[in-house]
Structure formats: structure tokens, C-alpha cells
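I have placed the structure first, in the form of C-alpha cells, so that the comments after it can refer back to it.
The values are calculated or read from the model by the stated rules, or taken from the named source; none is laboratory data. Computed from a predicted model, the values in this text were never measured in an experiment. As a convention, Cβ positions derive from the backbone with ideal geometry for all residues, glycine included, and neighbour counts pool all protein chains shown. To get the accessible areas, we keep the full protein, side chains included, count just its heavy atoms, and leave off ligands, DNA and RNA. Shrake-Rupley method; radii C 1.70, N 1.55, O 1.52, S 1.80 Å.
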Amino acid sequence: MLRQSPTSPLLSLPGAVPAEGADEGVAAHYGDLFREQRALADGRGLVDLSHRGVVTVTGDDRLSWLHLLLTQHVSDLPPGQATEALVLSANGHIEHALYLVDDGTTVWAHVEPGTQEALIAYLESMKFFYRVEVADRTGDTAVVHLPAGSIAAVPEGAVVRETPHGRDVFLPRAELEPFAREHGPMAGIWAYEALRVESHRPRLGFETDHRTIPHELGWLGSAVHLQKGCYRGQETVARVHNLGRPPRRLVFLHLDGSEVHLPGHGTAVKLASDGEEGRQLGFVTSSARHHELGPIALALVKRNVPVDAPLLAGTTAAAQETVVEP
């Protein structure tokens, strides 16, 4: 069972409405979803990600050791350079997603809420004679997200992951509330997720299930290095990349805006021409209300679904855009 995420003190801020499910522990929104999205899109405000797990790896061998375990090339990772990496099963299925940066002495990674214990257990089992120490820092470290374009100053000594989508800042939990009050306005996880869906970025546990391989989600571009040496699951990655195609592919959906309810995670996706009684060809992975695009979603569908076919997400009409080529 996953450990419950820490409850953020920022839930006491005016207008905060608690999120549920995987994002329990932080705010879904602070009273105005679209205003919060527009602020982030304009490079203002911050998102509370303090419910996410935080894992560190220290020691002289930390980068060379992680290089053997992760899908990403990290043996020569420069200090301050952000990257993403996956842990795969022996069959190449995605088990963990890490968003990491090295500060020169320590690798810092944030992971999906509640997954840090299983990740640490795996890493501990692979230490052998390497000079590394793995620690769960979730209890004393919180993550906040500053959007791309933000000019907010971070505290001296704070560890920062800077990406095209913004900066993830690792803060002592005691500094979370004063930092947020200084650098608002606050934006909830719903606004953050809407922008994630818009940019087609996969999320572990949403776009993945027990048999997902990286090729299906477009994760080869950001989290998998195809020229590095052996790691668990590498044979599947190389075989599918060189000899075949993945059985499923990620698509972006523009949903019918007249529907009141969004199709939730797991909602069946079918061909519109077959109607609601047709054969299921995939499922909705994430959905959101976007301040410009209206209702949108990501879905995982069978590779042979025609790229121009109108779809149904449950009872909602959906037009698809290709994310992963068939």
C-alpha cells in the first residue's frame, strides 16, 4: 500500500480546495481554475508539489551507479542540469519515473506521491559494493514549481531543476509557506495538470499501466537514452525501437465542449463510427479543462487506430491529434 502523501500547510490559504486521489495532500485549485492557468502560462505564481516523493543519492559513485540502473545517460551529468529517467522491469515495462538533478554532491529526484518507498527498496537492493547512500527526504523536503518565465528568486542554496516548462525547486518544508506567500499567486494542481496535458507530457500512473513501455508514450525523447549500455529492460527498448513498433500509442484529444463532465481516467475510447456499443480501442489517461482549448485529454489507444478517425471517450465526442506516430 502506498503511504499517504504529506498534507501541505498551503491548504490553509484562502480559497484552497483539496485535491483527491493521487494528488491528495495539496490544493486542486484556489477558487479560479482558469485564472490560475493563465497566471502559469504568463510565467507568474507557483504550484505546490509538496505531496511528491523526494529521494536523494549521495556518494562518490552515485552517477556511475545510477547510470547502470536508469534508462537515461547520467554518468557524466553536469551539476545543475535537469533530466528525466525511468526504472523498467525486466520485460521493459515502466515501474518508476524520476525527475532529477545533481547539485555536485547529491542527486535529487522527485517522484510520484507514495512511490518513493518502492523505488528506494529497489535501489537499496542494487547497491552491492558501490559507494552510495539512498535516502527518503520526503519528510523534510518539499517541491514547488515555478512556471517558465518566472522571475521569482529562490533561496540561496536551494536545489533547482530548470526545464523548458519551468523550475522545480527543492525547499526545506519549514520554508514552504513563507516562500509561497512571497511568490504567489498560488495555482492548484488542476491548473498544472491542464498545462501538462496540453504539452503531451506523460505521467506515471496516469498514462501508464502494468504493461506500458516507453515507446508508447513518447518517453524515448526525454527519459530514455538509446545509445547507452545495459540496464534492466534495455533489451525490450532496443528490440521495439529497432525491429518493431509499440502495440499502443498516446494521442491528444479535443473533447466536445458541450459535455458537463470530463471523461475520467480509464474511460473507454472507441471509434465514433461504431457508437457507444463499439469495441474498446483504448482508454483515457488524463483529462482537464484548459483555459484556451476547452476540455482536453490524453488517451492510450491501439497502434492501428486510424490517426484521423473521430473517437468517443465514453459518451463524449473527441477529435484526436497524434502524439506518438503509429
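Counting Lys and Arg as +1 and Asp and Glu as -1, what is the net charge of the other residues whose Cβ lies under 15 Å from the Cβ of residue 278? So the surrounding residues net to 0. Using the 1.4 Å probe convention, the accessible area of the chain works out to 44 Å² per residue with neighbouring protein chains retained.
Amide H contacts under 5 Å for residue 317: 256, restricted to partners 5 or more places along the chain or on a different chain, H placed in the peptide plane at 1.01 Å from N.
For the chain, a Gaussian network of Cα nodes joined below 10 Å ranks 52, 239, 167 by mean-square fluctuation, and the top entry is 239.
Placing +1 on the Cβ of every Lys and Arg and -1 on the Cβ of every Asp and Glu, with no other charges, gives the chain a dipole of roughly 700 debye about its Cα centre.
Excluding same-chain neighbours fewer than eight residues apart, the lysines reachable from residue 270 by a Cα-Cα span under 29 Å are 302.
Averaging sequence separations of C-alpha pairs under 8 Å and six or more residues apart, then dividing by the length of the range 209-260, give the relative contact order as a whole percent.
It rounds to 47 percent for the range 209-260.
Annotation for residue 292 and residue 60: the two label points, set 7 Å from Cα along the Cα-Cβ direction, are 5.1 nm apart.
Build a GNM of the chain with springs between Cα atoms under 10 Å apart, and of 102, 76, 32 the one that fluctuates most is 76.
Treating r as the C-beta distance of residue 69 and residue 91 and R0 as 22 Å, the FRET efficiency rounds to 0.85.
For the range 137-178 and the range 296-326, what is the separation of their C-alpha centers, rounded to whole Å? The two parts, judged by their Cα centres, are 35 Å apart. When the helices of the chain are scored as -39500 (n - 2.57) per DSSP H run of n ≥ 4 and the total is divided over every residue, the value at 222 nm lands at -5000 deg cm²/dmol. The accessible surface of the chain, taken with every protein chain in place and a 1.4 Å probe, is 52 percent carbon and sulfur. Taking the Cα centre of the range 1-108 as reference, the dipole from Cβ charges on Lys and Arg (+1) and Asp and Glu (-1) amounts to some 200 debye. Within the range 247-326, the GluC sites (Glu not before Pro) that combine a DSSP coil assignment with at most 11 other C-beta atoms in a 10 angstrom radius are 276, 277, 292. With the Cα gyration tensor of the range 196-326 giving a ≥ b ≥ c as the square roots of its eigenvalues, does the rule (a/c under 1.5 for rounded; else a/b larger than b/c for prolate; else oblate) give rounded, prolate or oblate? Prolate. As a ratio to 2.2 N^0.38 Å, the alpha-carbon radius of gyration computed for the range 209-281 takes the value 1.48. Close amide H contacts of residue 248 (hydrogens built in the peptide plane, cut-off under 5 Å, sequence separation of 5 or more or a different chain): 303. Would you mind classifying the chain by shape? Square roots of the alpha carbon gyration tensor eigenvalues, ordered a ≥ b ≥ c; an a/c under 1.5 is rounded, otherwise it is prolate if a/b is larger than b/c and oblate if not. Here the chain falls in the oblate category.
Computed from backbone phi with θ = phi - 60° and the Karplus coefficients 6.51, -1.76 and 1.60, the 3J(HN,Hα) list for the range 311-326 is 10, 10, 9, x, 9, 9, 5, 9, 9, 9, 10, 6, 9, 10, 5, x Hz; x is used for glycine and proline.
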